[in-house]
Amino acid sequence: MTPEPATDAAALLLGWYDRHHRDLPWRISPPMARKGAVADPYHVWLSEVMLQQTTVKAVKAYFQKFLALWPTVGDLAAADTEDVMKAWAGLGYYARARNLKKCAEAVVRDHGGRFPDREEELKALPGIGDYTAAAIAAIAFNRRSAVLDGNVERVISRLHAVETPLPAAKPEMRALVHTLTPLGRPGDFAQAMMDLGATICTPKRPACSLCPFRADCRALKIADPETFPRKAPRKEKPLRLGAAFVAIDDCEAVYLRKRPETGLLGGMTEIPGTEWTSRRDGDTSVDAHPFPAPWEPCGTVSHVFTHFELRLSVFRASVVRVSEGGAGAGAAPAGTSGWWEPLDSLKAQALPTVMKKAIAKAIPHAFAAG
DNA sequence: AACTCGGGGCC
DNA sequence: GGCCCAGAGTT
């Protein structure tokens, strides 16, 4: 009886992984995994959430910082949400940080502080979807779950020359991955597929001659592997315009406020500004000013979001803040809940990158080292 | 099924 | 300048 081809391919991949795996902070080594050891579910979960649509390089430092601040899921559950948002600032997709906190609370409240070990229960937790549930089940609990992310989609679509375009092809691809997943070391298999996609089976100019699947790859046989996976054409990004206002007082403090909890940059900190609209001129009229001050234009900053591009006209004003009383809140607009933040502590705020860009345009030394 | 949600690196 | 990245939640 000859072995299943799938088993052969998985064995080839695991052999490749043993030789070429990357040493990452949230991983245990393949030798340990072969002895049946698994990584800490808290570490696996934290890394997988951070890695959603985010590169390994960007995640490393944040992962270490979070572990130092909150060593266990219980610590994170007990943390101040605002501190979590500050620690997450710069990593993007801020709903992940809000859901991270909610998930930690749910694990403590509903599961006694231990992550559940089944896909279904994991997927019921905030911020854990198809991919992350499968990844945690496989990597932290040795379950034979089908792990399908962007890397695996590329690998599996090339291996089988899947003609169906994404995202419609996902169920088909998940089934193919499930068939390929071995009984032993399913966690290493999943990570090996992702490593292969990240280092060999790359979007452009894949290194097919180094690939453990080179003898089995349908795309390599019949077509150009680079043309997989097939994808539906995406629509273009519109341009939005707006104005942002950097007020600096006589104590070198900048006026900040908090954005609404939901929506774009939800729960993060910002400088005052206009709505971001599609009008060609942008709204930089007096009506747009957050409060009366000698506003002076100091240039524009551009920033690209997932579904639109933003061009912000930045204005700066030096204001003298009256210390006491109603007039003191002062220069600030009535009915808003902003605050004055000293330049020294600006870096520690929950400021998204676009806001840092705008502040730096108005105050070039705002984020200077030291 | 289509949108909304960041930011950075690479080509 | 476009594409991609260990995707999830909402509508």
Quick check on region A:147-165. Is at least one of its residues without any contact (Cβ under 8 Å) to a residue 24 or more places away in the chain, in a helix (DSSP H, G or I) and farther than 24 Å from residue A:32 by Cα? no
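Hey, which of the helices (runs of 4 or more DSSP H) in region A:1-92, taking only ones fully inside, have at least 2 residues that are under 20 Å from the mean Cα position of the chain (by Cα)?
On the way: elements: A:5-20, A:30-34, A:41-50, A:56-69, A:73-78, A:81-88.
Correct list: A:41-50, A:56-69, A:73-78, A:81-88.
Just to be sure, is residue A:97 closer than 30 Å to residue A:199 by Cβ and either among the aliphatic types (A, V, I, L, M) or within 16 Å of DNA strand B (Cβ to nearest atom) (or both)? Show your work before the answer.
Numbers: closer than 30 Å to residue A:199 by Cβ: yes; either among the aliphatic types (A, V, I, L, M) or within 16 Å of DNA strand B (Cβ to nearest atom) (or both): yes.
So residue A:97 fits the description; yes.
Mind listing whichever residues of region A:96-110 are surrounded by 14 or more Cβ atoms within 10 Å (Cβ to Cβ) and not basic (Lys, Arg)?
Keep residues of region A:96-110 that are surrounded by 14 or more Cβ atoms within 10 Å (Cβ to Cβ), which gives A:96-108.
If the condition is that a residue be surrounded by 14 or more Cβ atoms within 10 Å (Cβ to Cβ) and not basic (Lys, Arg), then A:97, A:99, A:100, A:103, A:104, A:105, A:106, A:107, A:108 are the ones that fit.
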Sole residue being polar (S, T, N, Q), surrounded by 12 or more Cβ atoms within 10 Å (Cβ to Cβ) and either within 12 Å of DNA strand B (Cβ to nearest atom) or within 27 Å of the chain's Cα centre (by Cα) (or both), chosen from A:262, A:269: A:269
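Looking only at region A:236-253, count how many residues are part of a loop (DSSP other than H, G, I, E, B) and within 16 Å of DNA strand C (Cβ to nearest atom).
Within region A:236-253, the first condition is being part of a loop (DSSP other than H, G, I, E, B), and the residues that meet it are A:236-238, A:250-252.
Of the ones still in play, those that are also within 16 Å of DNA strand C (Cβ to nearest atom) are A:236-238.
Residues in region A:236-253 being part of a loop (DSSP other than H, G, I, E, B) and within 16 Å of DNA strand C (Cβ to nearest atom): 3 in total.
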Confirm whether residue A:204 is surrounded by fewer than 16 Cβ atoms within 10 Å (Cβ to Cβ), within 11 Å of DNA strand C (Cβ to nearest atom) and either assigned to a helix (DSSP H, G or I) or not polar (S, T, N, Q) (or both). yes
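Within region A:136-155, can one find any residue that is of a type in the set (Phe, Trp, Tyr), within 8 Å of DNA strand C (Cβ to nearest atom) and over 17 Å from residue A:216 (Cβ atoms)?
Just the residues of region A:136-155 that are of a type in the set (Phe, Trp, Tyr), to begin with: A:141.
When the remaining residues are screened for being within 8 Å of DNA strand C (Cβ to nearest atom), the result is none.
For region A:136-155, residues of a type in the set (Phe, Trp, Tyr), within 8 Å of DNA strand C (Cβ to nearest atom) and over 17 Å from residue A:216 (Cβ atoms): absent.
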Would you confirm, using the coordinates I've provided, whether residue A:89 is within 16 Å of DNA strand B (Cβ to nearest atom) and among the hydrophobic types (A, V, I, L, M, F, W, C)? yes
Can you tell me how many residues in region A:166-194 are open to solvent by less than 60 Å² (accessible area, probe 1.4 Å) and either within 16 Å of DNA strand B (Cβ to nearest atom) or among the hydrophobic types (A, V, I, L, M, F, W, C) (or both)? 12
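From the residues in region A:111-137 that are of a type in the set (Gly, Ala, Ser) and in contact with a helix residue (DSSP H, G or I) (Cβ under 8 Å, 6 or more places away or on another chain), which one is surrounded by the fewest Cβ atoms within 10 Å (Cβ to Cβ)?
Looking only at region A:111-137, we keep the residues that are of a type in the set (Gly, Ala, Ser), and these are A:112-113, A:124, A:127, A:129, A:133-135, A:137.
Checking which are in contact with a helix residue (DSSP H, G or I) (Cβ under 8 Å, 6 or more places away or on another chain) leaves us with A:113, A:127, A:129, A:133-135, A:137.
Numbers: A:113: 14, A:127: 20, A:129: 11, A:133: 22, A:134: 28, A:135: 26, A:137: 29.
Filtering first and then ranking leaves A:129.
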Considering region A:349-370 alone, what residues qualify as being open to solvent by less than 60 Å² (accessible area, probe 1.4 Å) and of a type in the set (A, V, I, L, M, F, W, C)? A:350, A:351, A:354, A:355, A:358, A:359, A:360, A:362, A:363, A:366, A:367, A:368
Among the numbered criteria (1) over 32 Å from the mean Cα position of the chain (by Cα); (2) modelled with pLDDT of 95 or more; (3) of a type outside the set (Asp, Glu); (4) surrounded by fewer than 20 Cβ atoms within 10 Å (Cβ to Cβ), which one does residue A:292 miss? (2)
So which residues in region A:212-235 are within 16 Å of DNA strand C (Cβ to nearest atom) and open to solvent by less than 30 Å² (accessible area, probe 1.4 Å), if there are any at all? A:219, A:225, A:228, A:229
Filtered residues of region A:24-75 (kept if open to solvent by less than 50 Å² (accessible area, probe 1.4 Å), more than 16 Å from DNA strand B (Cβ to nearest atom) and of a type in the set (Gly, Ala, Ser)): A:29, A:33, A:36, A:37, A:39, A:74
Contact list please: Cβ distance under 6 Å, first residue in region A:302-323 and in contact (Cβ under 8 Å) with a residue 60 or more places away in the chain and more than 18 Å from residue A:91 (Cα to Cα), second residue of a type in the set (Asp, Glu) and open to solvent by 30 Å² or more (accessible area, probe 1.4 Å), pairs at least six apart or on different chains. A:316/A:296; A:320/A:250
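The values are calculated or read from the model by the stated rules, or taken from the named source; none is laboratory data. Since we're looking at a predicted model, the values are computed, not measured. FYI the Cβ positions are ideal-geometry reconstructions off the backbone, even for glycines, and counts take in every protein chain you see. Surface areas here come from the heavy atoms of the whole protein model, side chains and all, with no ligands, DNA or RNA. Shrake-Rupley method; radii C 1.70, N 1.55, O 1.52, S 1.80 Å.
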